[in-house]
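No value in this document is a laboratory result; all are computed from the given coordinates. This one's a predicted model, so the numbers in the text were calculated from it and none came from an experiment. Quick reminder, even Gly has a Cβ in these numbers, built from the backbone with ideal geometry, and neighbours come from all protein chains shown.
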Amino acid sequence: MTALASAPANAEKLYTVQRSDLPLSCPTPQMALWNSHPRVYIPVEENGGQARCIYCGALYQLID
């Protein structure tokens, strides 16, 4: 069993991610899900290293 997620969901507007975080979803596994939108996968590699969540508008940026 995994530990409970502690980060609030969708609290930031810019998230930096690494290749080790792929495949990337919003909300991420580290975020609490009880007050968030449905999980969607973010195609950050296909969009030049940046992509936005279609629900909350958070920008994900690939840094490596």
Margin query: Quick check for me: using +1 on Lys/Arg Cβ and -1 on Asp/Glu Cβ, what's the dipole size of segment 10-64 about its Cα centre, in debye to the nearest 20?
Written below: 160 debye
Next item on the list: Could you work out the local net charge near Cys56, counting Lys and Arg as +1, Asp and Glu as -1, over the other residues with Cβ closer than 14 Å to its Cβ?
Entry: +2
Check: Taking amide hydrogens as modeled 1.01 Å from N in the peptide plane, which residues meet the under 5 Å criterion relative to Tyr15, leaving out close sequence neighbours?
Finding: Leu59, Tyr60, Gln61
Check: Around Pro29, with a cut-off of 13 angstrom between Cβ atoms, what is the net charge of the other residues, counting Lys and Arg +1 and Asp and Glu -1?
Finding: 0
Item checked: Length released on extending from Leu14 to Gln50, taking residue separation times 0.36 nm less the Cα-Cα span -> 11.9 nm
Item checked: Under the Karplus curve 6.51 cos²θ - 1.76 cosθ + 1.60, θ = phi - 60°, whole-Hz ³J(HN,Hα) for segment 42-48, x wherever Gly or Pro sits -> 9, x, 5, 5, 7, 10, x
Margin query: Give me the net charge for the shell around Arg19: Cβ to Cβ below 13 angstrom, other residues only, Lys and Arg +1, Asp and Glu -1.
Written below: -3
